[in-house]
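Asker: Could you have a look at this structure, given as structure tokens, before my questions?
The values are calculated or read from the model by the stated rules, or taken from the named source; none is laboratory data. In this text the structure is predicted, and so the values were computed from the model without any measurement. Reconstructed Cβ throughout: ideal geometry from the backbone, glycine too, with neighbour counts over all protein chains shown.
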Amino acid sequence: MSKSVATVQTFISEGTQILGDIKVEHDLRVDGFLKGTVDVGGMLILGPMGKIEGQVKVRSATVAGQILGNLHALEKIVLEPKSTLVGDLQTRELVINEGAVFQGNCSMQMDEKR
């Protein structure tokens, strides 16, 4: 199956623990625990049971779990209800849903079209 037919995605399932840095060129879904630097070339999906401790750099992110560390996204960050982000974030677009917890500083890049 080619990349154009199906999106390439890496899964870290619930119950899995990774201690160390991880880098993927495509999308990453985390339902387990990661401690270290996370670098995602595509979209990060952090499930409700997922937890990341460390610096996170992504193209975009949807967070339903917990991040303890700074989060940098080139495009968009969505904090789902019951998600937690303790750390600074930098992004172009930000959605914080009711019930999400964000403790830190936010920096947003200005779109040249505005």
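Listed here are the residues, each with its yes/no results for (1) in contact with a Cys (Cβ under 8 Å, 6 or more places away or on another chain); (2) crowded, with 18+ Cβ neighbours inside 10 Å; (3) farther than 23 Å from Gly32 by Cβ.
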site: Leu46; (1), (2), (3): no, yes, no
site: Val58; (1), (2), (3): no, yes, no
site: Ala64; (1), (2), (3): no, yes, no
site: Leu68; (1), (2), (3): no, no, no
site: Glu75; (1), (2), (3): no, no, yes
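Asker: Between a residue in segment 41-56 that is over 16 Å from Thr10 (Cα atoms) and in a loop (DSSP other than H, G, I, E, B) and any residue that is hydroxyl-bearing (Ser, Thr, Tyr) and at pLDDT below 95, which pairs come within a Cβ distance under 6 Å, given they are 6 or more apart or on different chains?
Answerer: Sorted first by the residue in segment 41-56, then by its partner, the list stays empty.
Asker: Note down all Cβ pairs under 9 Å where the first residue falls in segment 82-94 and is over 16 Å from Gln66 (Cβ atoms), the second is hydroxyl-bearing (Ser, Thr, Tyr), and they're at least six residues apart or on different chains.
Answerer: From segment 82-94, the pairs are Gln90/Ser107; Thr91/Ser60; Thr91/Ser107; Glu93/Ser60.
Asker: Can we say Glu75 is at pLDDT 95 or above, within 13 Å of the chain's Cα centre (by Cα), closer than 18 Å to Met49 by Cα and of a type in the set (D, E, K, R)?
Answerer: On the way: at pLDDT 95 or above: yes; within 13 Å of the chain's Cα centre (by Cα): yes; closer than 18 Å to Met49 by Cα: no; of a type in the set (D, E, K, R): yes.
Answer is no for this residue.
Asker: Go over the candidates Glu53, Glu80 one by one and state the one that is more than 21 Å from Met108 (Cβ to Cβ) and more than 9 Å from the chain's Cα centre (by Cα).
Answerer: Working: Glu80 fails: more than 21 Å from Met108 (Cβ to Cβ).
Just a single option satisfies the conditions, and that option is Glu53.
Asker: Within segment 25-61, count every residue that is touching an Asp or Glu at 6+ places or on another chain (Cβ under 6 Å) and of a type in the set (S, T, N, Q).
Answerer: First pass over segment 25-61, keeping only residues touching an Asp or Glu at 6+ places or on another chain (Cβ under 6 Å): 31-32, 35-37, 41-43, 47, 49-50, 57, 59-60.
Remaining after also requiring of a type in the set (S, T, N, Q): 37, 60.
Qualifying residue count for the region: 2.
Asker: Can you tell me which residues in segment 76-91 are of a type in the set (Gly, Ala, Ser) and on the phi < 0 side of the Ramachandran plot? Spell out the reasoning first.
Answerer: Within segment 76-91, the first condition is being of a type in the set (Gly, Ala, Ser), and the residues that meet it are 83, 87.
Within segment 76-91, Ser83 is the sole residue that qualifies.
Asker: May I pose another question? Which of the residues spanning segment 59-89 are among the charged types (D, E, K, R) and not in a loop (DSSP other than H, G, I, E, B)? Walk me through it before giving the result.
Answerer: At the first step, the residues of segment 59-89 found to be among the charged types (D, E, K, R) are 59, 75-76, 80, 82, 88.
Of everything in segment 59-89, just one residue is among the charged types (D, E, K, R) and not in a loop (DSSP other than H, G, I, E, B), namely Lys76.
Asker: Now for a separate question. Can you tell me how many residues in segment 17-40 are β-branched (Val, Ile, Thr) and assigned to a loop (DSSP other than H, G, I, E, B)?
Answerer: We begin by selecting, within segment 17-40, every residue β-branched (Val, Ile, Thr); these are 18, 22, 24, 30, 37-38, 40.
Now drop any that are not assigned to a loop (DSSP other than H, G, I, E, B), which leaves 37.
Number satisfying all stated conditions: 1.
Asker: Looking at this structure, is Met108 in contact with a Ser or Thr (Cβ under 8 Å, 6 or more places away or on another chain) and at pLDDT below 95? It would help to see each step written out before you state the result.
Answerer: Working: in contact with a Ser or Thr (Cβ under 8 Å, 6 or more places away or on another chain): yes; at pLDDT below 95: yes.
For Met108, the condition - in contact with a Ser or Thr (Cβ under 8 Å, 6 or more places away or on another chain) and at pLDDT below 95 - is met.
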